[in-house]
Every structure is written in structure tokens, then in C-alpha cells.
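Enquirer: First, the structure itself, so that you have it in front of you.
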Amino acid sequence: MVEVDNLTRKYGAMLAIDRVTFRAHDGEILGFLGKNGAGKTTTMRIMTGFLPASSGTVRINGADIKEDSLEARRQIGYLPETAPLYEDMSVFSYLAFCARIREVPSREVSTRIEQSMKAVHISERRNWQIGKLSKGLRRRVGLAQALVHNPRVLILDEPTEGLDPEQIIEIRRLILGLRGDHTVILSTHILSEAQALADRIIIIDRGRIVAVDTTENLTRAVVRAQRIRVQVEGPEAAVRKHLEGLSGVQRVERLPDEPPRYVVESERDTDLRSRLADSVINAGWGLVELERIEPTLEDVFLHITSHHEDRIPTPDPTPAEAPKEEAAA
Amino acid sequence: MRTIGTIAEREFRALVTAPLGWVIMLFFLFVSSIFFVAPLQRGFATMRLVVGNTTIWLVFLLPALTMRLLAEEKKQGTLELLMTSPVTETQVVLGKYLGVLAYYAVMLFSTLQYVFALAWVRDKTPSPFFPTYVGLFLTALTLVLLALASVRESRPLGIAAAVAAVATALCAGFAMKEMGEWGPALTGYIGLFMLGAVFLAIGVLTSGLTRNQIISWVSTAAILLFLTVLISWMSDQLPDQLPTREANADFGATFQYLFGMMLYGLTQVFKALSLQQNLENFAQGVLDLRDFVLYLSFIVASLFFAVRGLQTSR
Ligand SMILES: Nc1ncnc2c1ncn2[C@@H]1O[C@H](COP(=O)(O)OP(=O)(O)O)[C@@H](O)[C@H]1O
Ligand SMILES: [Mg+2]
């Protein structure tokens, strides 16, 4: 169990996160969703003891990250935004180094390394120099590093960011495999990623938590209206009229494409797709395309704005973008 | 303790397996060999000049060993790895320091070849085979074993290297004894080691205050230059005697007296802080507890502030 209470962090005068409070329960995957600059990395850096908070507390299985820092850190595996790798080391010796500083007993070190390499499918690269690995492989080494001491809590900062689609699928599969054995907190700015991986989702915007819910509830709430993109081969006016006439349809919008495509918006909790397909085919037209439009993070914000006026943070008077580089002394 | 050892080992291995470490080592051997060969050509063979003259080179070489230590960790984000593991800032600083200190010890170790060469040139030993040839062979063997142990990450090879190093040291001890320079050579080495230990500690400190390696190198070299050459030069320029006080002094004379006192005090402070001064004692075979205290206080203070720097820079 990870308990985060009223976490606040300022960079100079800028409030990066503001009274962030949440819980991560044992064995669950918690998605930390927010746009770039929302404060995800800052929160995670504080949770892992890298950054001090301006105020607020973090407890990892009861151990306070500030008061009882070493004990708290012992329970954490952390994959920062950029995997923290020593380029000159081989995969194996890097993982050996990580295992030792995480206090894995000497005689368990090699089995733990084997297990973590196996978990991320990198065993055959054990003797490769890390500097020579591709981006996807480096991310996997980073994940192996977070797993090598078999921590109870895993904190992953944008684990699929910057990877190509195949690598994303691979990493997502790895993460889903961790559910149950570990408490996983992962951050992302992509709604569908949070939906694909997380049991519960926390949405953070401009440093404040604006929504916490199960993925199911949140998805259902967001999809206030299902939206489908269709392209039908048939007389334009008749097709449009037909679509508008279907029961459960709220709105039909013609896209500026040629041949015409339409976005059909349904009423809440109605899945139109199979009925729409049947009726088009029954009418004797050709159904060229039928695709559900996935809601994005923007839709979530729209939804939250229209339904929970009171929970919307007022914009900060301080600038949202501050120079990210710390000044070198 | 284990954590410090793990960090030190990684650091040492990084130096042995990277080009930078070898470049620094070879350059060091090259310049120290000049001070070995030059007097040899003028007909006398001694270790004293080697000890005395390498200081200025260490001022520029050792900061290059330390510049990456913490600066690079910050830059490539691995500090985040260390500081989110159950590792304290003190362990990080000590581990890094001990790793680079061990590498410096290897650098000094490799100069033992001069001792063996001297033993032969001076024609004091019964045969060139022992200790000269044996010693040179052992020195080379140790370095090769060490490099292999680091690259292969092999513990048995590491132990073999340690055994070879001890054998080399015993052999060198014998050679020094034959030459009758046992005392000065040993204290010279102790002095060089302690001086380097101070240099490296200051290097660790500046490396922790920046993420730019070049800044770390330049600022360390500047500090070291001040503490060795400049400070000795200044204390040479300043009066080394207590000013005398006139019996019935007017205001001007009193002022002059007080000013003289101040200068004298400054000279003494400079003298006390001058690392060069102490090294000359060492080179002449004098081991003074006060020298050790000075060196140790430099080391402890530098490392202490390096730890503080790591704690507060985040
Ligand atoms: N080291 C830093 N110094 C100053 N401002 C920072 C620093 N790190 C992050 N910020 C600012 O804090 C805000 C939150 O950043 P961050 O936590 O990195 O967001 P996210 O990870 O969600 O993209 C941003 O406005 C960012 O510019
Ligand atoms: Mg981020």
C-alpha cells in the first residue's frame, strides 16, 4: 500500500504539484494520467525519495519516505522517465550492480538477475554493452533494473513513451504480467494506455488531482456518447437520412472527406455498431468503413469540465512552463 | 559497507576499462619518467626528484580522474538510480572516492618500475635478475591481471592480481633496501599517496557541485594550483619573521607593527595550508604527524561538503 497525502512541491515560486493525495492498493495497477507538465514526474520523484517535497507525506507500506527513507526505498523499484543506465557496463554487470545496492543477498544475486532478465526477455543480450542497445532494449533493461530486487512497489514513469508500436505492445504485456505480485503505479499522457493497463486511474491536471476512479467507471463516464466513424457506398442524401433515422442516434456529422464519411454519435450506453452495420447492409448499400472513435484525454477533460464544475482547478497565476533544466552550479 | 564497496568497485572498473583512465595513467608514467631519467643522465639515480616534481602534474591529471564522478551521474540520470535505492549520500561519495583512490594507488604502483630500474643502474644489487627483472615482471604481471580481472569481472583474477601486487611490493622493498634509500622512498610514496588523496577529495567535491565535467576539471585544477604552487610562492614573498616593536612608537610605527603581525600570521597560515611544503618533508624521509593531520582534514572537509552538496542540490 502506498499512501500519498497532501503532496506539494514548488520549484522556486512555481507550484508544480498541489496537495496531491491518493492511495495505491496492494496488487493493483494504478494509472497516473495527465498531460505533459501536469506534475507526474515530480510526484514520482518525490514518492521515490529523489526529490524532497515542499510539504506532504508519502508512505510506502507504512515507511515514510522522508523519516524512514532507506526502509521505504528498499520496497520500491523505479523506472525514471529516461532509464538510468551506465552505458559502459554490460547488461549483466549493470543488473548485478543494481541488485547489490538494493541489498539482495550475495547468493541470490545471480538468480535474481536471471529472473529479471527473463521477465523482460533480454537474457540473450546479457553480455552486450548497454550503450550499444536500441531504445526499446534499453527501456527493457531499465525495467529489469526496477524488478531485480523483487520490490513490492513498482513506480514506472511513462514506460512506453518514445517506443515504436511493437515495443509498446511488448512493454504493456510485461507490465500486465506484474499485476497481483506487485503494486504498480505508472504514469502516462495517453488515455488508451491507462485504460489498457490500469485497474484504477488518477487524472492530474496542472498539479492537481481532478479525478480518481476505476478504469471502467471512468471510461463509461467519458463515453457519454459513443462515436462511430462510417463510410457507406450509396446515395449520399439517402444514406444520411437513414443514419439519422436509426433509433439511438443523437447526431450525424458529415466529415469533409470525399467520398463522404460520417461521425455518428449515439445516446449514452448504446452500442450502435452491429445494428448500424445490419441496417446499412439490409438497405443494399456497401459498408466500407465502421470504426469506433476512441475517446482521448481531451474528451475526459471536457467531460470533467462539464460535469464537475466545482472540481476544476482555477488556472495558476504562475506560468505553466518553467525552464526544466536545473541550473548547473 | 557492502554498498560502499559495490560503488567503489564499479567506479574502479569504469576507470580501468575506459580509455580515459589509461590515458591519464600513461601520461603520468611519461612525465614521472622524465624526472627519473633526467638525473640519471647526469650521473645520479634517486627517487627524490620523481616525488618532488610530479606534484605539479598531479594538479592537472588527478582532476581529470574525478571530474566525471558525480557530474556524469547527474547528467545521465543515474544519480536518480542511486538516490532512489537504499543508499545514502555518504555511501555514494565514499564509494566513488575509494574507487578513484584505488585507481590512483595503481598509478603509483606502476611507478615501482623506476625503483627496480634504479636498483640495477646503481649497481648495488648482486645480479640484475633479482630484484630488477623479477620486479619489472611482477609489476607488469600485476597490471595485466588487474586489467583482465576488471574486464572479465573475475574474482579469482582479482585475487591473483592482489597477490602479484604484494609480491611486487616486497620485491620493491628489497630493492630500496639494497640501494639504501628505503626510508625516503617509502615516505615519498606515502606522501604522494596522501597528496593525491587530498587532490581527489577536492575533485569529488567540485564534481558534485556541477553537471559539467569541464567545469569540475578547471575548478579543481585551479584550487589545487592555489594550494600547492601559489600558496608556497606567496608565503615565500611574505616576511617570515615576527616584526620587532619599538619602545616608544608613534601611530605610524604601531600601525606598521600591527600590519607586520598580520602578514606574519598570514604567512604561517599559508605555510600550514601549503600542500607542497609537506610533500617536501615526505620526500626527505620525514614523517610528521602534523602533515597527516593537515591532509586528513582537507580530505574529510572536502568529502563532507561533497555529501552536503549532494543532499541539498535536489
Ligand atoms: N527541475 C525543475 N525545475 C523547475 N521546474 C520544473 C522542474 N521539473 C519540472 N518542472 C516543472 O514542473 C511542472 C511539472 O513537471 P513534471 O512533473 O515533469 O510533469 P510531467 O511529468 O507530468 O510531464 C512543469 O511545469 C515543469 O516545467
Ligand atoms: Mg514526466
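Enquirer: I'm trying to understand the selection: among the residues of the stretch B:7-32, which are surrounded by fewer than 21 Cβ atoms within 10 Å (Cβ to Cβ), facing chain A (nearest Cβ under 10 Å) and over 16 Å from B:A105 (Cβ atoms)?
Expert: B:T17, B:A18
Enquirer: Ok, one more. Just name the residue that is farthest from the other protein chains (Cβ to nearest Cβ) out of those in the stretch B:55-67 that are surrounded by fewer than 23 Cβ atoms within 10 Å (Cβ to Cβ) and not aliphatic (A, V, I, L, M).
Expert: Per the stated criteria, the residue is B:T55.
Enquirer: May I ask you to say which residue of A:V239, A:V212, A:V230, A:V264 is crowded, with 17+ Cβ neighbours inside 10 Å, touching a residue at least 40 places away in the same chain (Cβ under 8 Å) and not in a helix (DSSP H, G or I)? Show your work before the answer.
Expert: Details: A:V239 fails: not in a helix (DSSP H, G or I); A:V212 fails: crowded, with 17+ Cβ neighbours inside 10 Å; A:V264 fails: touching a residue at least 40 places away in the same chain (Cβ under 8 Å).
Being crowded, with 17+ Cβ neighbours inside 10 Å, touching a residue at least 40 places away in the same chain (Cβ under 8 Å) and not in a helix (DSSP H, G or I) holds for just one of A:V239, A:V212, A:V230, A:V264, which is A:V230.
Enquirer: I would also like to ask the following. Check A:E71, A:E67, A:E28 and return the single one that is within 13 Å of another protein chain (Cβ to nearest Cβ) and of a type in the set (D, E, K, R). Working first, answer last.
Expert: On the way: A:E67 fails: within 13 Å of another protein chain (Cβ to nearest Cβ); A:E28 fails: within 13 Å of another protein chain (Cβ to nearest Cβ).
Matching residue, one of A:E71, A:E67, A:E28: A:E71.
Enquirer: For the stretch A:161-197, which residues satisfy the criterion of being within 16 Å of ligand 1 (Cβ to nearest atom) and either more than 24 Å from A:V4 (Cα to Cα) or touching a Ser or Thr at 6+ places or on another chain (Cβ under 6 Å) (or both)? Give the steps one after another, and end with the answer.
Expert: So the first thing to find is which residues in the stretch A:161-197 are within 16 Å of ligand 1 (Cβ to nearest atom), and the list is A:161-162, A:185-191, A:193-194.
Scanning the stretch A:161-197 gives A:E161, A:G162, A:L191, A:A194.
Enquirer: When A:E81 is evaluated against the numbered criteria (1) among the acidic types (D, E); (2) in a loop (DSSP other than H, G, I, E, B); (3) away from ligand 1 (no atom under 16 Å from the Cβ), which criterion, by number, is the only one it fails?
Expert: With (1) among the acidic types (D, E); (2) in a loop (DSSP other than H, G, I, E, B); (3) away from ligand 1 (no atom under 16 Å from the Cβ) applied to A:E81, the lone miss is (3).
Enquirer: What number of residues within the stretch A:74-113 are closer than 30 Å to A:K132 by Cβ, away from ligand 2 (no atom under 16 Å from the Cβ), in contact (Cβ under 8 Å) with a residue 24 or more places away in the chain and among the charged types (D, E, K, R)? Outline the logic, then answer.
Expert: Taking the stretch A:74-113 as the starting set, the residues that turn out to be closer than 30 Å to A:K132 by Cβ are A:76-104, A:106, A:108-113.
So of that shortlist, the ones also away from ligand 2 (no atom under 16 Å from the Cβ) come out as A:76-77, A:85-104, A:106, A:108-113.
Right, trim to in contact (Cβ under 8 Å) with a residue 24 or more places away in the chain and you get A:76-77, A:85-92, A:94-95, A:98-99, A:102-104, A:112-113.
Within this subset, residues satisfying the condition of being among the charged types (D, E, K, R) are A:87-88, A:102-103, A:112.
Selection size over the stretch A:74-113: 5.
Enquirer: Does A:I65 count as crowded, with 18+ Cβ neighbours inside 10 Å, more than 16 Å from ligand 1 (Cβ to nearest atom) and among the hydrophobic types (A, V, I, L, M, F, W, C)? Before you say what the answer is, go through the steps one by one.
Expert: Numbers: crowded, with 18+ Cβ neighbours inside 10 Å: yes; more than 16 Å from ligand 1 (Cβ to nearest atom): yes; among the hydrophobic types (A, V, I, L, M, F, W, C): yes.
Against the criterion (crowded, with 18+ Cβ neighbours inside 10 Å, more than 16 Å from ligand 1 (Cβ to nearest atom) and among the hydrophobic types (A, V, I, L, M, F, W, C)), A:I65 qualifies.
Enquirer: Now for a separate question. State the number of residues belonging to the stretch A:15-27 that are in contact (Cβ under 8 Å) with a residue 24 or more places away in the chain, at negative phi and either in a strand (DSSP E or B) or not charged (D, E, K, R) (or both). Steps first, please.
Expert: As a first pass, look at the stretch A:15-27 and keep what is in contact (Cβ under 8 Å) with a residue 24 or more places away in the chain: A:15-22, A:24-27.
Cutting the leftovers down to at negative phi gives us A:15-18, A:20-22, A:24-26.
Cutting the leftovers down to either in a strand (DSSP E or B) or not charged (D, E, K, R) (or both) gives us A:15-18, A:20-22, A:24-25.
The total comes to 9.
Enquirer: Restricting the first residue to the stretch A:1-14 and requiring it to be exposed (fewer than 14 other Cβ atoms within 10 Å of the Cβ), which pairs with a second residue that is not polar (S, T, N, Q) meet a Cβ separation below 6 Å and a spacing of at least six or different chains?
Expert: A:N6/A:R19; A:N6/A:G56
Enquirer: Do you know which of the residues in the stretch A:81-134 that are basic (K, R) and facing chain B (nearest Cβ under 10 Å) is farthest from B:M1 (Cα to Cα)?
Expert: Applying the first criterion (basic (K, R)) to the stretch A:81-134 yields A:100, A:102, A:107, A:112, A:118, A:125-126, A:132.
Those still in the list that are facing chain B (nearest Cβ under 10 Å) too: A:100, A:102.
Details: A:R100: 11, A:R102: 13 Å.
Ranking the qualifying residues of the stretch A:81-134, first place goes to A:R102.
Enquirer: Kindly evaluate A:V210 against the criterion of being within 14 Å of chain B (Cβ to nearest Cβ) and either within 16 Å of ligand 2 (Cβ to nearest atom) or more than 11 Å from A:F32 (Cα to Cα) (or both). Don't jump to the end; show me each part of the working.
Expert: Numbers: within 14 Å of chain B (Cβ to nearest Cβ): no; either within 16 Å of ligand 2 (Cβ to nearest atom) or more than 11 Å from A:F32 (Cα to Cα) (or both): yes.
When the stated conditions are applied, A:V210 does not pass them.
Enquirer: Just the residues that are touching a Phe, Trp or Tyr at 6+ places or on another chain (Cβ under 9 Å), in a strand (DSSP E or B) and away from ligand 1 (no atom under 12 Å from the Cβ), please, taken from the stretch A:29-62.
Expert: The one that is touching a Phe, Trp or Tyr at 6+ places or on another chain (Cβ under 9 Å), in a strand (DSSP E or B) and away from ligand 1 (no atom under 12 Å from the Cβ): A:L30.
Throughout, read-outs are computed from the coordinates displayed, never taken from laboratory work. Everything numeric here is computed off the predicted structure, so don't read it as measured data. As a convention, Cβ positions derive from the backbone with ideal geometry for all residues, glycine included, and neighbour counts pool all protein chains shown.
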